[in-house]
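Notes follow once the structure below has been shown.
The values are calculated or read from the model by the stated rules, or taken from the named source; none is laboratory data. What you see is a predicted model, and the numbers here were worked out from it, not measured in a lab. Cβ coordinates were reconstructed from backbone atoms using ideal geometry, including for glycine residues, and neighbour counts include every protein chain displayed. Calculation scope for accessible area: heavy atoms of the full protein, side chains included, ligands and nucleic acids excluded. Shrake-Rupley method; radii C 1.70, N 1.55, O 1.52, S 1.80 Å.
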Amino acid sequence: WYIPSGEAFVMGVAFAHERFGRYRPWFRACVAGALEAAQAWGGGKMERQHREKMDGSGKDLQQPLLGTADNRGVAVQETSKAPGAMWQLFTRVLAALHSMVMAFLGWISTVGDWSRLTEAALDASEADAVVVVLGTDGAWEVEGGDQASMELPGAQAQLVERVMAAAAEKPVVVVLNVGSPKAVSGIAGAAPAVLLSYFGGMCGADALVDVLFGKTTPGGRLPTTWPKDLQNSPAVLKGTTTAATTEYGEGIWLGYRHYDRAQQSGVLFPFGHGLSYSTFQLGQLELEGESVQKGEPRYSAGQDVRCAVEVRNTGEVDDSMVVQLYVRQSGADQADNPRKELRDFSKSLIKAGGSARLSFQLSARAFSRFDEDSGCWTVRPGSYDLIAATSAGADAERSHVSIQYGV
């Protein structure tokens, strides 16, 4: 909503609880401008529970002004309700400046209520196979606002522990319905299979069923590195955040470049990682073109480099495979240069037992660095390794070839 200076808006919501338990209502506001005051209170006999004064200095667009460590908002009051009982929550926000406001009202069951974990464990003990769906939603992961941690909210980690113990030797699949990396080292180590579904939208459940029952194979690859915990992230190690600014201090050491520099320390799943219902084998990366035919792996500055790698599907299922192509300059100072940099990738659907030749083409830009003095990209002559790999991880299958470029 748009709120003129000095005016306020009131929003409210009512809930009917399905079962007896303890529930915590919450409120969170994200604004452009400044809040002079925000308050939330419950209906019935409940009195106003929260009021927070802001300094009026203004906040960035959609920066959460009210929130707890788990990013779920202000806990108004924990209350017990019988099944079917109604509970109301209202909030009033007063704007000190002209403001655009995005606000949330809701409730969550408190972690102290373990009855549903016991029910889940009982169901797992009686089932032939178990699918545990974990995750977040739009209240945790919102555009324009940072998350306070990488932990899965609530008692989801405990849920997996209870289910795994009850399931014994039965097949268990953990589905992560999340939009960003989460700290799931314990879950990934305990569960026989983990499937990352992201936010699949209105047809996500149908797609998930197709994957779980083998109608289609999960062929996705991670677009980001998943660290073991937040403290291993370069954003935490190098960046700083105050109430008004965020400083991006990572420089070029973003994502896999940082983790390569740290010897892959702290990585749970590397960039590009992804398993499916088949297996693959990489052949030798080969150069193509006139320079290779003459037996001279040398390329002049500005000349394109073409190469290819044979990939064989060694499994029993038709499946897709993604191969990444990295470039590494031999002998470069690793204090100032990444150990390798992604320059191309190729994907192919390969029949079971069959093979495909995946091709790559690199321009001069792949062998260049940005020169701040000239304001343009400049070729850096020297020896280079071209690396075909299944991911950025240290244990990824890979094949490489060396060339001279710009010399």
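A compact table of results
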item	result
Those residues of region 300-317 which are of a type in the set (Lys, Arg) and either under 10 Å from Ser355 (Cα atoms) or part of a loop (DSSP other than H, G, I, E, B) (or both), in sequence order	Arg312
Index of the failed condition, Asn337 passing every other in (1) part of a loop (DSSP other than H, G, I, E, B); (2) within 21 Å of Thr224 (Cβ to Cβ); (3) open to solvent by less than 20 Å² (accessible area, probe 1.4 Å)	(2)
Members of region 297-339 that are of a type in the set (Val, Ile, Thr) and more than 23 Å from Ala394 (Cβ to Cβ)	Val305, Val317
Evaluation of Phe370 against (1) open to solvent by 20 Å² or more (accessible area, probe 1.4 Å); (2) outside any loop (DSSP other than H, G, I, E, B); (3) in contact (Cβ under 8 Å) with a residue 24 or more places away in the chain (one fails), failing number	(3)
Subset of region 121-141 (residues that are of a type outside the set (Asp, Glu), over 18 Å from Leu230 (Cβ atoms) and open to solvent by 20 Å² or more (accessible area, probe 1.4 Å))	Leu122, Ser125, Ala127, Ala129, Val131, Val133, Gly138
Near pairs, Cβ below 6 angstrom, 6+ apart or cross-chain, from region 328-339 (within 12 Å of Phe367 (Cα to Cα)) to any residue that is assigned to a loop (DSSP other than H, G, I, E, B) and not polar (S, T, N, Q)	Arg328/Lys340
Some residue of region 216-227 being touching an Asp or Glu at 6+ places or on another chain (Cβ under 7 Å), among the hydroxyl-bearing types (Ser, Thr, Tyr) and either under 27 Å from Ala121 (Cβ atoms) or open to solvent by less than 50 Å² (accessible area, probe 1.4 Å) (or both)	yes
Residue check, Arg343 under 19 Å from Leu254 (Cβ atoms), open to solvent by 50 Å² or more (accessible area, probe 1.4 Å) and in a strand (DSSP E or B)	yes
Of all residues in region 253-290 being of a type in the set (A, V, I, L, M) and open to solvent by 80 Å² or more (accessible area, probe 1.4 Å), the one that is farthest from Lys347 (Cα to Cα)	Leu254
Qualifying position, being touching a helix residue (DSSP H, G or I) at 6+ places or on another chain (Cβ under 9 Å), β-branched (Val, Ile, Thr), on the phi < 0 side of the Ramachandran plot and part of a strand (DSSP E or B), among Val322, Val327, Val401	Val327
Among (1) loosely packed, with under 15 Cβ neighbours inside 10 Å; (2) in contact (Cβ under 8 Å) with a residue 12 or more places away in the chain; (3) at negative phi; (4) of a type outside the set (Ser, Thr, Tyr) - the single one Ala166 does not satisfy	(1)
Residue in region 365-387 that is under 26 Å from Thr216 (Cα atoms) and of a type in the set (Ser, Thr, Tyr) present	no
